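The values are calculated or read from the model by the stated rules, or taken from the named source; none is laboratory data. Values in this document were obtained by computation on a predicted structure and should not be read as measured data. Counting neighbours? That spans all protein chains shown, and the Cβs are built from the backbone with ideal geometry, glycine included. When the accessible area is computed, the model is the full protein with side chains, heavy atoms only, and any ligands, DNA or RNA have been set aside. Shrake-Rupley method; radii C 1.70, N 1.55, O 1.52, S 1.80 Å.
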Amino acid sequence: IGNWNYWLQISGKDREWLGQPVVSDINPVFNFEFLSFIFNHYTADGSAYSWLLRFKDQETEERFQAGLMQALWEHLNETKWQKTKEADRDYVFEAFNDLTMDDEREAEAAAEDEEDEEVDDEESDDQKSEHYDSDESEDDVETRDGDGNVNSQLAVGYKHDRSFVVRGSKIGVFKHTDNNKLEFSTSISKVATPKGKLFSPTKVMLHAEDRNMILQNGDDPNSLYRMDLEVGKVVDEWKVHDDIPVNIIAPETKLSQMTGEQTFLGLSRNALYRVDPRLAGSKLVDSELKQYVSKNDFSAAATTEKGYIAVGSTKGDVRLFDRLGINAKTHIPALGDPIIGLDVSADGRWVLATTKTFILLIDTLQKGGKNDGKLGFQKAFAKDDKPQPRRLALTPTHVAQFQHETGAPIAFTPARFNTGLDSSETSIITATGPFIVTWNMKKVLAGRKEPYAIKRYGEDVKADNFKFGSDKNVIVALPNEVNMVAKRALLKPTRESIAGPGVYETPRRSKGRGSYLGRNEIVNSPY
């Protein structure tokens, strides 16, 4: 319909069924086993519905898929589809296909289901309702502190059992107790520059054995600030470069915050470089600067245990580097949606790229050919080969139910793997609106149709992550509360668990006991 916009119209013999623009929010899913296309349709009042279109044969569905995916890709990239390489086009199709399971992975996923059911039967006595019992209401404490700020960011400690929550120009510090609860420890009440000017950090990163926190100030894009967490104040301003801003920071390696490593990565919209705070003057290491002439619009970065680097952009593509200062070894094509977050498995095999409505799980291991067994970080993929993507998204049915409940579209927070020393990645966590969503890696890799579990809160989730060293406990920052929740409290998405009975918690009973979050698992503080 002009200007890179496309329209999908579905007409029957006797009526027009529906028409709508072709945009990411339709959440297209193609299932060739059932010759079907499942998608979301939005009416003028903002209501969301899920539809299934059935085809007479595979050839017809393939022709329809080619047309729809071309339309969506051209709309997002504002580029002609035919100008892209054939391998890139195959990559786009593959990302939107429902994967079929092989027998071995099906067996693994079935075993995982049995484990989950066993855990559900072993729920502990101390998990009660997150919403207080009526006879306790007089003890409820108003957690808002009247300054108009809400919790915005969460940094989980690796070296020490602490979590840090940013709220305006304050930072709350929480201790992880031995029985997997959070305990309010202290508040750093004034985040200010060394000259005493208050600011609200836009991004934070723990550093140097969790003794320091690196802060970004939105008012000064060319500098970073170091907070000494042992004294609770900003002690250094680091001028990175006069002309190159620092929009994104990432650790030198995935676990370097557990060490005394001083250097870390910095990115502007079109440059990638190392920052060394020990340098006199500007902290950017000139010999390890890779600057692009074109506007790549970098938006996220992550590192592996060996220091390999993944960089995502608002265009939706991902670059894989084995080190700084050189061209990327692998360029993963864009589906078109901006990348808002990246994570990488410690060994570098899996890259997790978050967009607003879906998450891409990308396998960088090369199979066959001269680079068999090498990662995309180490060697470029062959011209006719590309990494295999898996698109993690809520089903169109659940999207419609979520939007019916919240009145807001899906908007994921940056997804993360569980992280630990000598532990493999088994789970993925993100949130959208008041829902936490976790994916089980075994079920994802087995091609399960709904390999995720959810938990609904009364307010929107602002930030979330796994506790370090485990995938069993999740730390959640709500606007005015912070808590740690056992992963087993997350439920399969059903009409009941999405809606929640009045107070958003789905009651479950096991052996005559309640199995809810306990009141003492809510941190009583302005954080």
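Some notes on this structure:
- When the helices of the chain are scored as -39500 (n - 2.57) per DSSP H run of n ≥ 4 and the total is divided over every residue, the value at 222 nm lands at -4000 deg cm²/dmol.
- Counted by Cβ distance under 10 Å from T355, the other residues give a net charge of +1, where Lys and Arg count +1 and Asp and Glu count -1.
- Cα gyration tensor category, rounded, prolate or oblate, for the range 7-108 with a/c compared to 1.5: oblate
- Each Lys or Arg adds one and each Asp or Glu subtracts one; over the other residues with Cβ under 15 Å from the Cβ of G368, this totals +2.
- Proximal lysines relative to K233, as straight alpha-carbon distance under 23 Å, when same-chain residues fewer than 8 apart are discounted: K159, K170, K175, K190, K195, K197, K203, K283
- Shape class of the range 394-503 from the alpha-carbon gyration tensor: oblate, with a/c at 1.5 or above and b/c at least as large as a/b.
- Model label sites at H160 and D363, defined 7 Å from Cα along the beta-carbon direction, differ in position by 4.2 nm.
- Recomputing P(r) over Cα pairs in 20 Å bins from 0, in percent from the coordinates shown identifies the correct label among (1) 19, 48, 24, 8, 0; (2) 20, 54, 24, 1; (3) 17, 34, 23, 16, 8, 2 as (2).
- Charge dipole of the chain about the Cα centre (unit charges at C-beta), most positive-ward option of N483, L229, W81: W81
- Shown for the range 394-503: the carbon plus sulfur share of the solvent-accessible area, taken with all protein chains present and a 1.4 angstrom probe, equals 50%.
- Annotation for the range 161-237 versus the range 416-439: alpha-carbon center distance of 23 Å.
- In the full protein context, the chain carries 46 Å² of accessible surface per residue, based on a 1.4 Å probe and ignoring ligands, DNA and RNA.
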